[in-house]
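Beneath this line is the structure, given in structure tokens, with notes to follow.
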Amino acid sequence: MDMATWLNDAVLYQIYPQSFADSDGDGIGDLRGIADHLDYLAWLGVTAVWLNPCFVSPMRDAGYDIADYFAVDPRYGDNDDLAKLVDQARARGIRLLLDLVPGHTADTHPWFVASAHDPGDNRYIWSGPGPDGRLPERFVPSPGSRPGGYLPNFFDFQPALNFGYARQQADQPWRQGTEAEGPRANRAALRAIMGHWLGLGVSGFRVDMAYSLVKDDPGLAETSRLWREERAWLDRTHPDAALLSEWGDPAVAVPAGFHADFFLHFGGPSDGRPLRSLWSNGTSTERPEWVTEVCYFDAAGRGTASTFLAAYHDARAAIGESGHIALPTANHDFARLNAGPRIPEQLPPAFAFLLTFPTLPAIYYGDEIGMRHVPGLPGIEGSVMRSGYNRAGSRTPMQWDATANAGFSEAPASSLYLPVDPDPGRPTVAGQRAGQDSLLNTVRDLIALRRAHPELGYGGRLEILGDGYPLAYLRGDRFLVVINPSDRVRVLPHDRPELTRATAVKHTGVEVGQATITAAPFSFGIFQR
Ligand code: NOJ
């Protein structure tokens, strides 16, 4: 059965709600602020929006610590505002996806507060102290009258919900099976949460740490089984809804039931796998010591696209037509596209790649105008990771125009969620809408092109002509795409005389000759036969 076919030509846009638009002047973005800018998103051409969590939360991890899955946090508005936003977006052809956080709650969630006082409760993973009086590794002491401690899922204040362990062990009684009463109750709760918001008209969910549910799970087999069960339920009840996982391994996540899995930001030196990203090492200028491998979008042209392409082909071979590989420009956890060592001149070729490759494109808010990763910001709401990496630089307010606070908010600058990029030359939506050759207008044209020609998207054939500098590939039967993110003229020999007859649909300095393709520094070209 064909589910959620709308994903086939979707262009996804991620909104970090804190930082998009503040409609009530409290310095924090909100749902009405988003609604006020739906015309902009429709103009840009995006077809679906993923909102980071907007539910009731103590906000120690920017809302990834949920205290009530069924209610919008008052700082963003209320459930009616969300219902209106869904309707107003749909009226413009834009679907809304929420963030589902299945693996943990806030430690202030009533489930956890009750569990911390009730030794018979199994919603979370509890252990008593061992014979030596100590808790098992990673467990955190109970904050309540219940003895022992609980297992966190990410930060210590995010207790892991109990979905069971794949392997039991007699001397570790907290390793319950996946069919124990706690795990079954939690799986039912997931369906209740999804059903609640799907009933309001949302089109699906990005699923946080989807891989993390069943513990000690070799090959993630039990976690996959769990998601297949949820997917079967979804297909029965809401066949048009989509689940997009934060898993980082589409070859496993799609067979596990996800319609799409995000691809970019895992892999690389920090986890021992080869770097799969074309334009990011997943880190930022704040941890330059992490950058041990050069990505393809290297101005000096020292990288290679082949690692990414091999990973793409492997993942595609594993999932076939059963799901999507989502490719984000960045997200709220990682450095923006415009972050050192990448430079702004590389952004047009990066977007040309994003919007002509058979992956599902996801644009992180502000990347379409080239907002930069702002260095040196204070960490707030959990934006300092356990590793010390600060994510705040990717979460600064959207830059709308030249008015105060870049048009993000009417609050005094000192009470903004995060400061606006102080660079006097910072890009804005208004400034770039006015500039014909601006990044924003380029991105808009590229989105329109992709939507007009399905061959440039998910369905079209892909043939790589060259994976060095420039990167060149054919899409469908008619399109040639050339990408040069380096600072030098690059020449690719070719033996396809038919390419010479191709006409440029959009290009920034690429020429196709009899036997060579020549690409100016930082250029891209899309040609049609
Ligand atoms: C991944 C989310 O993207 C990140 O922002 C969050 O801190 C962790 N999961 C924990 O939920």
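Brief remarks on what is shown
- Checking D73 against (1) on the phi > 0 side of the Ramachandran plot; (2) in contact with a strand residue (DSSP E or B) (Cβ under 6 Å, 6 or more places away or on another chain), the condition it does not meet: (1)
- Residue count, the range 82-103 (criterion: buried (at least 19 other Cβ atoms within 10 Å of the Cβ) and touching a helix residue (DSSP H, G or I) at 6+ places or on another chain (Cβ under 8 Å)): 10
- With respect to the conditions (1) touching a residue at least 12 places away in the same chain (Cβ under 8 Å); (2) under 30 Å from G323 (Cα atoms); (3) away from the ligand (no atom under 16 Å from the Cβ), S23 falls short on a single one, namely (2).
- Which listed residue, of T403, T307, is under 30 Å from A504 (Cβ atoms) and without any contact (Cβ under 8 Å) to a residue 40 or more places away in the chain: T307
- Test: residue in the range 129-139 that is more than 14 Å from the ligand (Cβ to nearest atom) and closer than 30 Å to G204 by Cα: no
- Among the residues of this structure, G382 counts as one that is over 23 Å from A305 (Cβ atoms), open to solvent by less than 30 Å² (accessible area, probe 1.4 Å) and either among the small types (G, A, S) or in a helix (DSSP H, G or I) (or both).
- Output for the range 33-58, where each listed residue is within 24 Å of T108 (Cα to Cα) and either surrounded by fewer than 20 Cβ atoms within 10 Å (Cβ to Cβ) or away from the ligand (no atom under 16 Å from the Cβ) (or both): P58
- Close contacts from the range 451-472, counting a first residue that is assigned to a loop (DSSP other than H, G, I, E, B) and a second that is open to solvent by 30 Å² or more (accessible area, probe 1.4 Å), with Cβ to Cβ under 6 Å and a gap of 6+ residues or different chains, come to G457/D9; Y458/N8; Y469/R490; P470/R490.
- Filtered by the rule that a residue be in contact (Cβ under 8 Å) with a residue 60 or more places away in the chain, part of a loop (DSSP other than H, G, I, E, B) and either small (G, A, S) or crowded, with 17+ Cβ neighbours inside 10 Å (or both), the range 473-496 gives P485, S486.
- Residue count for the range 386-405 satisfying the condition of being within 16 Å of the ligand (Cβ to nearest atom) and surrounded by 15 or more Cβ atoms within 10 Å (Cβ to Cβ): 8.
- Odd one out for W111 among (1) open to solvent by less than 50 Å² (accessible area, probe 1.4 Å); (2) outside any loop (DSSP other than H, G, I, E, B); (3) more than 16 Å from the ligand (Cβ to nearest atom): (1)
- Considering residues of the range 436-465 that are open to solvent by less than 10 Å² (accessible area, probe 1.4 Å) and either modelled with pLDDT under 95 or in contact with a Phe, Trp or Tyr (Cβ under 8 Å, 6 or more places away or on another chain) (or both) only, the residue farthest from I526 (Cα to Cα): V443
- Filtered residue count, the range 114-142, keeping only those that are touching a Lys or Arg at 6+ places or on another chain (Cβ under 9 Å) and part of a loop (DSSP other than H, G, I, E, B): 6
- Residues that are out of contact with any helix residue (DSSP H, G or I) (no Cβ under 6 Å at 6 or more places or on another chain) and either within 16 Å of the ligand (Cβ to nearest atom) or not in a loop (DSSP other than H, G, I, E, B) (or both), drawn from the range 154-175: F154, F155, D156, F157, Q158, A160, Y165
The values are calculated or read from the model by the stated rules, or taken from the named source; none is laboratory data. It should be emphasised that the depicted structure is a prediction, and the values quoted were computed from it without experimental measurement. Every residue, glycine among them, receives a Cβ derived from its backbone with ideal geometry; neighbour counts consider all protein chains shown. Side chains are part of the model used for accessible areas, which takes the heavy atoms of the whole protein and leaves out ligands, DNA and RNA. Shrake-Rupley method; radii C 1.70, N 1.55, O 1.52, S 1.80 Å.
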